[in-house]
1. Fewest to most neighbouring Cβ within 10 Å: what's the order for ASP155, ASP150?
2. Mind giving me the nanometre distance, one decimal, between the label points for ASP135 and ARG153, set 7 Å out from Cα along Cα→Cβ?
3. Please report the relative contact order for the stretch 98-148, taking Cα pairs under 8 Å with a sequence separation of at least 6, and give it as a percent rounded to a whole number.
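Just so you know, all these numbers are worked out from the coordinates, no wet-lab data involved. The model shown is predicted, which means the values in this text are computed figures rather than measured ones. Virtual Cβ from ideal backbone geometry, glycine too; neighbours counted across all protein chains shown.
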Amino acid sequence: MKMRIFLIGLWGFILGITLPLAASSQEGDTLRLFADSTLRIPDVVSDTTPEKAGKEPREYNPRKAAIRSAIIPGWGQVYNRKYWKVPIVYGALGTTAGIFVYNLKNYKDTRFAYRVKYNMRVNGTDSTLFPKIKDVLKPLSEASLRSYRDQFRRDIDYSVIFFLIMWGLNVVDAAVDSHLKSFDVSPDLSLRFKPGRSEIAGTTGLSFIVQIGKNSQYKKGMWKSNF
């Protein structure tokens, strides 16, 4: 029971660290400062900049990121250039793998001790194997050994499940992170609030306007919300 509580707590801890950091990292890539009631993001790089001319932004493929993380944990995070996530991935997988090894070793020891004591009581054999039992297990009764054996066997199953969950979260994180990278804020984006009558909604109030385009002559799109 304690081992299961620990594994659940570990999973919650990993999620509690990863999700806020991922959110803050994404916000750092997309948020810009508001000036008065209008957000206008000027062109950062001119089309005529010599060193940037002809250079296209890198495209991230969620499918590639997911496949890479499925093959080698952390590879998808490296592909997304989120290197700080790699230690978290291996920390989670390493912890669950260590718990699995711990449970497996104790399961084998308690199973061996139980078999020896059972055979000694029922068949009067295996008395020569008694010294091979771990010293900490020798004073325990058959019932206690059987209980510990079953508990360690269940904990092995739980540790395997949590290991696979951590591996799956590693794949999901890589795919989602790669997908979110495509939501790059255009340098030609402006947001503004406009009080008065909205021609689109046909009501009077405060309109929230999103305009995408370099200037009024090359508007790519506009969205209004009146409230």
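1. By the 10 Å Cβ count, ascending, the order reads ASP150, ASP155.
2. Here the modelled spin labels are 2.9 nm apart.
3. Working: 31 pairs, mean separation 22.3, N = 51.
Here the relative contact order equals 44 percent.
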